[in-house]
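Written below as structure tokens is the structure these notes are about.
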Amino acid sequence: MSYYFGFTPSVELSATIDKAYELIASKSSERYDVYRDKITQLTSKELMDALLIKLIESLPDDSERKAHLIKTAETIEATSDKLINTLLSPTKNEDVLPSFDFFDQKVLKTTQSGERRISVPLSDELAKSLLATIENVQAGNGLEEQQNLIRLFSELTKACLQHFLVDFTKTLNLNMLKRAAIPMTDGIIVKVIDIALHRLIPQMPQESLERFTKHYQALIFND
């Protein structure tokens, strides 16, 4: 049994995925890189929404840090978009296929209830620790779990970036300069999210902790 962190793709993302694989299956001469690029961009945006935006939305509306953290999330999204636009370039159809193979084999997963998810594999240790901590928060012990939440969500962020920013980009034909930009961007995003977690979670009351952990609990599943 394997664990994953995965969100339900938007209608637009799901339809783009289906269309891309339909073209590939029919050996269409239409350009695949256009679909790869759109899928990559939408996945990045929706992953950030699942990882950070939902966390920020769990804060009380009158939180003094909420507006600042929304700007932080926008900065991270802009940084990711800039990297993606740098890495993606026109590519022959046959050279795009490894990206779709990665997506098909390592990103697209189906829950036991039959729901499609855009997914990141999690180690058993991380998944079980997250679920145990979330369960304890739901039992009313959120304040004592704050440091565990910071540590575990930092690890979750790194797992997501490793999967999409590092492993997926190995399927792209990149020169040395472009490939060197990946760890630099990875480091920036990890640092910004870590700062956000340290600022965000300690100020969340029990009610907010329960609300946001309930959201993430539904995103962790196994096959």
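The values are calculated or read from the model by the stated rules, or taken from the named source; none is laboratory data. What you see is a predicted model; the values in this text were computed from it and never measured. Positions of Cβ are generated from backbone atoms using ideal geometry, with glycine treated the same way; all protein chains shown enter the neighbour counts. All accessible areas refer to the heavy atoms of the entire protein, side chains included, with ligands and DNA or RNA removed. Shrake-Rupley method; radii C 1.70, N 1.55, O 1.52, S 1.80 Å.
What's the number of the only condition in (1) over 19 Å from the mean Cα position of the chain (by Cα); (2) at pLDDT 90 or above that THR169 fails to meet?
(1)
Any residue in the stretch 53-66 that is closer than 19 Å to LYS158 by Cα, in contact (Cβ under 8 Å) with a residue 60 or more places away in the chain and buried (at least 19 other Cβ atoms within 10 Å of the Cβ)?
The initial filter retains those residues of the stretch 53-66 that are closer than 19 Å to LYS158 by Cα, namely 53-56.
Restricting the remaining residues to those that are in contact (Cβ under 8 Å) with a residue 60 or more places away in the chain gives 54-56.
Filter again for buried (at least 19 other Cβ atoms within 10 Å of the Cβ), leaving 55-56.
Among the residues of the stretch 53-66, at least one is closer than 19 Å to LYS158 by Cα, in contact (Cβ under 8 Å) with a residue 60 or more places away in the chain and buried (at least 19 other Cβ atoms within 10 Å of the Cβ), which makes the answer yes.
Being of a type in the set (S, T, N, Q) and in contact with a strand residue (DSSP E or B) (Cβ under 6 Å, 6 or more places away or on another chain), is that true of even one residue in the stretch 150-164?
There is no residue in the stretch 150-164 that is of a type in the set (S, T, N, Q) and in contact with a strand residue (DSSP E or B) (Cβ under 6 Å, 6 or more places away or on another chain).
Name the helices (runs of 4 or more DSSP H) wholly within the stretch 79-173 that hold at least 2 residues that are within 30 Å of SER29 (Cα to Cα) and open to solvent by 20 Å² or more (accessible area, probe 1.4 Å)?
Working: elements: 93-102, 124-136, 146-161.
The qualifying helices (runs of 4 or more DSSP H) are 93-102.
Would you confirm whether or not the stretch 21-43 contains a residue that is surrounded by fewer than 17 Cβ atoms within 10 Å (Cβ to Cβ) and of a type in the set (Phe, Trp, Tyr)?
Yes; the residues of the stretch 21-43 include at least one that is surrounded by fewer than 17 Cβ atoms within 10 Å (Cβ to Cβ) and of a type in the set (Phe, Trp, Tyr).
Pairs under 9 Å by beta carbon, first residue farther than 18 Å from LEU156 by Cα in the stretch 96-121, partner open to solvent by 60 Å² or more (accessible area, probe 1.4 Å) and in a loop (DSSP other than H, G, I, E, B), six or more apart or different chains?
Taking only residues 6 or more apart or on different chains, the pairs are VAL96/ARG31; THR110/ASP223; THR111/ASP223; GLN112/ASP223; GLU115/THR8; ARG116/THR8.
Determine, yes or no, whether ILE118 is under 24 Å from ASP33 (Cβ atoms), modelled with pLDDT of 90 or more and under 20 Å from the mean Cα position of the chain (by Cα). Talk me through it step by step, then tell me what you get.
Working: under 24 Å from ASP33 (Cβ atoms): yes; modelled with pLDDT of 90 or more: yes; under 20 Å from the mean Cα position of the chain (by Cα): yes.
In short, yes.
What about ILE201, is it over 27 Å from ASP223 (Cβ atoms) and either buried (at least 20 other Cβ atoms within 10 Å of the Cβ) or of a type in the set (Gly, Ala, Ser) (or both)?
Working: over 27 Å from ASP223 (Cβ atoms): yes; either buried (at least 20 other Cβ atoms within 10 Å of the Cβ) or of a type in the set (Gly, Ala, Ser) (or both): yes.
Yes; evaluated as a whole, the condition is true for this residue.
Going through the stretch 174-198 one residue at a time, which ones are of a type in the set (S, T, N, Q) and crowded, with 17+ Cβ neighbours inside 10 Å?
Here is the first cut: in the stretch 174-198, the residues of a type in the set (S, T, N, Q) are 175, 185.
The answer is THR185, and nothing else.
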